[in-house]
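First up is the structure itself, then whatever we jot down about it.
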Amino acid sequence: MATVVVMPALGNSVESCLIIGWSVAEGDQVRENDTLCEVETDKASMEVPSTASGTVLKLLWEAGDDVPVMQPLVVVGEPGEDPGPALNDAGWDASGDEVEAASAPVAEPEPEPAAEAQAPAARQAADGASSPRARALAASAHVDIQTIAEGSGPHGRVIERDVQAAIDSGRATAAAGRAGAVGTDVEGTGLGGRISSADLARPQTAAAEEAPAPQPAATAAAPAGSYTDTPLKGIRKVIAERMMASLSSSAQVSYTITADAAGLLALRARFKQSDPELGFAGITVGDLVGYAAVKAAERHPSHNSHLVDGVLRTFADVHLGFACDTPRGLLVPVVRDASSLSLKRFSERSKELARQAIDGTISPDDLQGATFTVSNLGSFGVETFTPVLNAPQSAILGVSAITPRAAAGPDGELVLQQRIGFSLTADHRVIDGADAARFLQDLVRLVEHIEFTVMG
């Protein structure tokens, strides 16, 4: 009998995968572990292997389709075999209706009257019918996830893209109203168009009648010359959405400072000249700065934290995320338990994760769970920049280039120093300016005395 190959769950956080391209066609012969297609999650690209040998009887999706995990992907069997029975056993309509339905835009559920209170059992049922990432996005955007009647995930489960579709639709929810939000297509009677409790109490039809008719947007004249339109998709689209969500849902403030980099450069030179068998020759200035940042975050728990739904969770261990430039876009691998690693092991682990991210072989599970992030643009010569928070984290450190700068010497004379720049972006809802300044002061001490920092 034919075998149905499903889209694998490529990590605990992955809900669906975008098919970039097929490596096989219907009628091709495949063996177990042969590559069927290349897919892209919201974090990385990877290949999907076949779990069966035989002839490709049917491809159930097209390149560009976003396929939920554990859904039928390909049917493999004997040449000329009917794939229908195997698909029926897998709960798939062989007529292809599911393909059309899954590929079509998510239908918008009809708005329901907002309820001011909710029974715990009902909330628990709603949480069980939605994914953790869907709930996190809904909470950050003040969307009542119960208003999404049915999701596009397996068995109608609400997943992240369903919540994003509800956000894009602009419907105001009770949760948004309680948070004082401004709907994108509904204007309230409160200050600045904010939705008040009185607005929520009004019938939907009355609110619609009172709302002014939308005016057509003015179309700007297109510039002369040729151009190319490239829709954002895959990792690039996820980056865009998350950056906007981060900026719109937190109070981000950035603070800058510089440190004498003489100690960093001297220690790096010593490592580079050391016996390769000792394993220190590959340690870079970036490794040293990242290690110092971990120690600073460990000393300042408010910076090593997540803020979700008004609850601040501080972590005892630092799981360091570091921004990594890859051919597919920005990824943030996570060095687990970085605060308990030696400098040598920290450097080795960072380089291995970066290599996997660049090659596209990194596990999605190694791209989540960071408690503090470092973004280093020093190798590009950038002298200062403002990093954006990696929500729900409370702080992110930007590292700039080492450049010669004028500074006061020990006797007050003017000297030229090699100094490194740091930009700390912190969520002001959690971290006050003085707290951010103390973090940076500690970081400067750790960097300027790096030879002692690495001994700890």
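The values are calculated or read from the model by the stated rules, or taken from the named source; none is laboratory data. Note that the structure is predicted; figures quoted are calculated from it, not measured. Glycine gets a Cβ as well: all are built from the backbone with ideal geometry, and neighbour counts include every protein chain shown.
What the table shows:
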| read-out | value |
| --- | --- |
| Condition met for E383 (touching a strand residue (DSSP E or B) at 6+ places or on another chain (Cβ under 9 Å) and of a type in the set (D, E)) | yes |
| Residue list for the stretch 438-456, restricted to those being charged (D, E, K, R) and out of contact with any helix residue (DSSP H, G or I) (no Cβ under 8 Å at 6 or more places or on another chain) | R438, R445 |
| Tabulated pairs, the stretch 1-25, first crowded, with 18+ Cβ neighbours inside 10 Å, second of a type in the set (S, T, Y), C-beta under 7 angstrom, 6+ apart or interchain | V5/S50; V5/T51; L10/T41; G11/S363; V14/T41; E15/S131; C17/T41 |
| From the options L247, L264, residue that is modelled with pLDDT of 95 or more and more than 18 Å from C17 (Cα to Cα) | L264 |
| Those residues of the stretch 278-334 which are under 15 Å from the mean Cα position of the chain (by Cα) and part of a helix (DSSP H, G or I), in sequence order | none |
| Subset of the stretch 37-71 [under 28 Å from the mean Cα position of the chain (by Cα), outside any loop (DSSP other than H, G, I, E, B), crowded, with 19+ Cβ neighbours inside 10 Å and free of Cβ contacts under 8 Å to residues at least 60 places away in the same chain] | C37, V39, V48 |
| Pairs, first under 28 Å from H306 (Cα atoms) in the stretch 377-404, second part of a helix (DSSP H, G or I) and of a type in the set (A, V, I, L, M, F, W, C), C-beta under 7 Å, six or more apart | V388/M243; V388/L247; A391/A245; L397/A293; V399/V289 |
| Condition broken by A406, with the remaining ones in (1) touching a strand residue (DSSP E or B) at 6+ places or on another chain (Cβ under 9 Å); (2) part of a helix (DSSP H, G or I) satisfied | (2) |
| So G234, is it in contact with a Leu (Cβ under 9 Å, 6 or more places away or on another chain) and at pLDDT below 95 | yes |
| Selection count, the stretch 11-26, where residues are in a strand (DSSP E or B) and aliphatic (A, V, I, L, M) | 3 |
| Residues within the stretch 327-360 that are in contact (Cβ under 8 Å) with a residue 40 or more places away in the chain and of a type in the set (S, T, N, Q), tallied | 3 |
